1. Just the number please: accessible area per residue for the chain, 1.4 Å probe, all protein chains included, in Å².
2. Consider just the alpha-carbon atoms of the chain and return their Rg together with their Dmax, both in angstrom.
3. Explain nothing, just compute: Karplus ³J(HN,Hα) = 6.51 cos²θ - 1.76 cosθ + 1.60, θ = phi - 60°, for every residue of region 26-37 in order, whole Hz, x for Gly and Pro.
4. When the Karplus curve 6.51 cos²θ - 1.76 cosθ + 1.60 is applied with θ = phi - 60°, which whole-Hz ³J(HN,Hα) does each residue of region 9-18 get, with x for Gly and Pro?
5. Among K17/K61; K27/K65; K11/K61, which pairs are too far apart, with a Cα-Cα distance over 21 Å?
6. What are the ³J(HN,Hα) couplings of region 44-52, residue after residue, when phi is run through the Karplus curve with 6.51, -1.76, 1.60 and θ = phi - 60°? Round to Hz, x for glycine and proline.
Amino acid sequence: MSNLQKAILDKQIQESKVLNAELSHLKPTTALYERQVPSSNIFFLAKDNEAVKAKSLSFQKELEKQLK
């Protein structure tokens, strides 16, 4: 893995950590929106906030695995 790829992964991990920190401090009644297609800029109201949080956390863990 090149240094450029490592730098990109590091940046994505840091962004994911910030996102997870923000999600953990939201009120339970807060409306969350999510992308259903990663390449799209269209967001839909999430039906389950906990699922969004879990998905974000699993994405962060996957990025950390790729870095190792």
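1. Working: 5620 Å² over 68 residues.
Accessible area per residue: 83 Å².
2. Rg then Dmax for the chain, in Å: 13.6, 43.
3. Result, rounded to whole Hz: 7, 5, x, 8, 5, 7, 10, 10, 9, 7, 9, 10.
4. 5, 4, 5, 5, 5, 5, 4, 5, 5, 5
5. Numbers: K17/K61 10 Å; K27/K65 30 Å; K11/K61 14 Å.
Checking Cα-Cα distances, K27/K65 exceed 21 Å.
6. Couplings: 10, 4, 6, 7, 10, 5, 5, 5, 5 Hz.
The values are calculated or read from the model by the stated rules, or taken from the named source; none is laboratory data. As the structure is a computational prediction, the values presented were derived from the model and not from experiment. We work out accessible area using only protein heavy atoms, side chains counted, and drop any ligands, DNA or RNA first. Shrake-Rupley method; radii C 1.70, N 1.55, O 1.52, S 1.80 Å.
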